[in-house]
Structure formats: C-alpha cells, structure tokens
Amino acid sequence: MSDRKKIDLGWREWIALPELGIPALKAKLDTGARTSALHAFYVETFNQDRWVRFGIHPLQRRVEPVIHCEAELIDRRVVTDSGGHREQRYVIQTPFRLGEHVQPIEITLTDREGMLFRMLLGRTALSGWARVDPERSFRSGRALARAYQTERALAKT
C-alpha cells in the first residue's frame, strides 16, 4: 500500500474489539512491539483447551466496568516484554476497529493492570495500512471515549 493510502494515526488511539464485547479501549500504538497485547486479569481455558475466557477492565486506572470475554485459542507463545521478561501467553484472533478501519489481528493476553494502557497495538497489526505520528494522539477521533459515559452516569445514581 502506498503512503498516500495509509491512515495517519497518533501514538494512542481509541479502538473497539466488537466480537469480544469491548466497545472502547484506549490503546498505545507501539511500532517497537511485534505483537499486540490485551490486559486480562484472569485467563482460563475451556472446551478441551480450545477456547479461553478472561476478564478485562477496559478503563485506565479503574476496576469498573468489568467485561468478561470468550475467544477461540489459536496459540500459546513465549513473549519477551520490553523489560526482557519472558512469559508464555495465550493468543487469540479477533477483529479490531480503529476509526473506519476494521481487520482481524492476533492478540496475546497478559496482565497489564499496572500499565497505563490496557491494550498495546503492535507493528504487525499496523503494517501496511497505518502511519504512526509519535507527536500526535487520537487522530481517528474520540467518539469511542463516550462508550462508558451512560454506564458511569447510572453508577452515580
């Protein structure tokens, strides 16, 4: 794909993982990371280890709301994080949406509770269609940021 057809994105963007029931998630676009990683605070396999279920806290620095997800398990891989630590992770494949762009990606599941971003979008997911500007944020807009506003308002009543 030529540069003219690539979408310009910032170093952080709002994305959705619709098949997992995640309407919005702030993601860090990390061209230094090969694979994408999603925060999961519990992970368990079922159906003869062919499927995985997990919970996610989609909002930064918050434990509510909780979204429980299920996905087909496509692999288990040893992943080395930016600190050099190696960890075996479950790998799923699911479509993600960023602005108008939708495509399936592989995602590893890991505990990112202490990290600022609950989702890391790696270079494999961005390759061929996106250009990342490290000085910009939310180039695709902030419409998804409103996904949890109704839920928060109801919780306050």
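Within 10 Å of each candidate Cβ there may be at most 11 other Cβ atoms; applying that plus a DSSP loop requirement, which GluC sites (Glu not before Pro) in region 61-149 survive? Walk me through the numbers on the way to the answer.
Values: sites: GLU70, GLU72, GLU87, GLU100, GLU106, GLU113, GLU135; in loops: GLU100, GLU113, GLU135.
Answer in residue order: GLU100, GLU135.
Which loop trypsin sites (Lys or Arg not before Pro) in region 35-74, with loop taken from DSSP, have no more than 15 other Cβ atoms within 10 angstrom of their Cβ?
ARG50, ARG61, ARG62
Within the accessible area of the chain, what % is carbon and sulfur when the probe is 1.4 Å and the other protein chains stay in place?
Details: 4110 of 9050 Å².
That fraction is 45 percent.
Please compute the per residue accessible area over region 23-157 with all protein chains in place, 1.4 Å probe, rounded to a whole number of Å².
Averaged over the residues of region 23-157, the accessible area is 57 Å².
Can you show me the helix-derived [θ] at 222 nm for the chain, built from DSSP H runs with n ≥ 4 at -39,500 (n - 2.57) apiece and divided by the number of residues, rounded to the nearest 500.
-1500 deg cm²/dmol
The values are calculated or read from the model by the stated rules, or taken from the named source; none is laboratory data. Worth saying up front: this structure is predicted, and the values here are computed from it rather than measured. Here Cβ is always computed from backbone atoms with ideal geometry, including for glycine, and neighbour counts include all displayed protein chains. These area figures cover heavy atoms from the full protein model, side chains too; ligands, DNA and RNA do not enter into them. Shrake-Rupley method; radii C 1.70, N 1.55, O 1.52, S 1.80 Å.
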